[in-house]
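Trainee: Below is one structure. I have some questions about it.
Read-outs throughout are calculated quantities, based only on the coordinates presented, and are distinct from any laboratory measurement. Bear in mind the structure is a predicted one, so any value in this text is a computation, not a measurement. Don't worry about glycine lacking a Cβ; one is built from the backbone with ideal geometry, like all the others, and counts go over all protein chains shown.
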Amino acid sequence: MVFPGVFQIGTPTTKKSSSGQVDTQELKYNLNVLNISSDTLVLIIIAIVLNLYYIYRSKVDICDTLNNTSYGKNMPDVSNIPEFANFMFLYITAVFLAINYEDYMRKANAPCDKRDNVAIAKSYNAFVAALLAYIATVISRKNYDIDQRVNSKQGNSGTQINPGLIPT
């Protein structure tokens with residue numbers, strides 16, 4: 001997921017003022033946004049690694065079913081990883097949504113003499129992109145909840161394989 005407005009925050013406004021002074025408040029704000037963004041990117045990497053582990057563990061279950069083995073019984077249960085990773089992605093997109101919203105509001109509420117319509121349009125587009133990513137994450141979470149309810153009604157706690165899809 002790339003959120004276009006995050007790394008453009010404050011670039012046009014951190015120039016020196018007419019007296020030669022740099023706006024330290026703006027620089028502190030930009031540093032804070034970059035710190036939050038870098039911490040959130042670490043969370044993205046952790047969620048991706050968790051999803052990879054879940055995929056590899058699911059492959060073991062499928063191979064066990066195909067080969068009539070039981071290697072997966074000695075491995076930890078990973079059934080909660082997709083839900084936890086989705087929650088992490090929901091938090092991540094909410095953080096970027098908040099950053100982009102605050103950036104848009106700061107640029108839109110700037111005094112008329114410092115107003116940059118191009119920067120406002122870019123901030124608005126970044127905010128809308130983050131909002132759509134957040135909505136997509138919420139929708140995918142609802143799909144996961146539906147999958148969990150279907151599997152619990154069938155009595156399956158692990159990976160389900162449709163025998164009709166496996167070539168013989």
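Trainee: Can you list the aspartates and glutamates whose alpha carbon is less than 16 Å from that of LYS122, not counting same-chain residues fewer than 8 positions off?
Mentor: Leaving aside aspartates and glutamates fewer than 8 places away in the same chain, those within reach of LYS122 are GLU102, ASP103.
Trainee: If you don't mind, another one. What list of ³J(HN,Hα) values in whole Hz, one per residue of segment 87-100 in order, does the Karplus curve 6.51 cos²θ - 1.76 cosθ + 1.60 (θ = phi - 60°) give from phi, with Gly and Pro shown as x?
Mentor: Listing the rounded values in order: 4, 4, 5, 5, 4, 4, 5, 5, 5, 5, 5, 5, 4, 5 Hz.
Trainee: May I pose another question? Towards the positive end of the charge dipole of segment 23-155, with charges on Cβ (+1 Lys, Arg; -1 Asp, Glu), say which of ASN35, ALA126, ASN67 has the farthest Cα.
Mentor: It is ASN67.
Trainee: Give, in nm to one decimal, the length gained when the segment between ASP23 and VAL128 is fully stretched (0.36 nm per residue of separation minus the Cα-Cα distance).
Mentor: Stretched out fully, the ASP23 to VAL128 stretch lengthens by 35.0 nm.
Trainee: Using the Karplus equation 6.51 cos²θ - 1.76 cosθ + 1.60 (θ = phi - 60°), what ³J(HN,Hα) coupling, rounded to whole Hz, does each residue of segment 37-44 give in order, writing x for Gly and Pro?
Mentor: With coefficients 6.51, -1.76 and 1.60, one gets 5, 5, 5, 5, 5, 5, 5, 4 Hz.
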